[in-house]
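Note sheet for the following structure.
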Amino acid sequence: MRAAWTMFCLSAAVLAVALGLAELLVPDVVPVAFAEEPQSSWAVMTAFMLRAIELIAAGVAIAALAALAGGLIHLAWSRARA
């Protein structure tokens, strides 16, 4: 259970940092199809990389929460049977 909490907290911190960096470095970048004016390629690539990091960190956080919930359910089930 301790490892799942560590993974959840670490992924939540990475998610917060990536969101903050995205707002700080590339606040006005939109997907290329929706851009009305040209955008610099470094900004689009940076926004894409930060979004990928955000999505991976969110997925890890969800998996860690699922592991925690599964552990708690297993613990409650084993106590109820005993």
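The values are calculated or read from the model by the stated rules, or taken from the named source; none is laboratory data. None of the values given here were measured: they were computed from a predicted structure. In this analysis, Cβ positions are derived from the backbone assuming ideal geometry, glycine residues included, and neighbour counts consider all displayed protein chains. Note: accessible area is taken over every heavy atom of the protein model, side chains too, but ligands, DNA and RNA are not part of it. Shrake-Rupley method; radii C 1.70, N 1.55, O 1.52, S 1.80 Å.
Here are the numbers:
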{"quantity": "Label-point separation, residue 6 to residue 49 (7 Å along Cα→Cβ), nm", "calculated": "2.8"}
{"quantity": "Computed E for residue 75/residue 16 - FRET, C-beta separation, R0 30 angstrom, nearest 0.05", "calculated": "0.55"}
{"quantity": "Whole-number accessible area per residue in Å² for the chain, which is evaluated in the context of all protein chains at 1.4 Å", "calculated": "77"}
{"quantity": "25 °C / 0.890 mPa s Stokes-Einstein diffusion coefficient of the chain, Kirkwood radius on C-alpha pairs, µm²/s", "calculated": "165"}
{"quantity": "Nearest-ten-degree value, helix 2-25 long axis tilted from longest Cα axis of the chain", "calculated": "10"}
{"quantity": "In degrees, nearest ten, helix 41-81 long axis to first principal axis of the chain (Cα)", "calculated": "10"}
{"quantity": "Surface share of carbon and sulfur [accessible, 1.4 angstrom probe, percent] for the chain", "calculated": "74"}
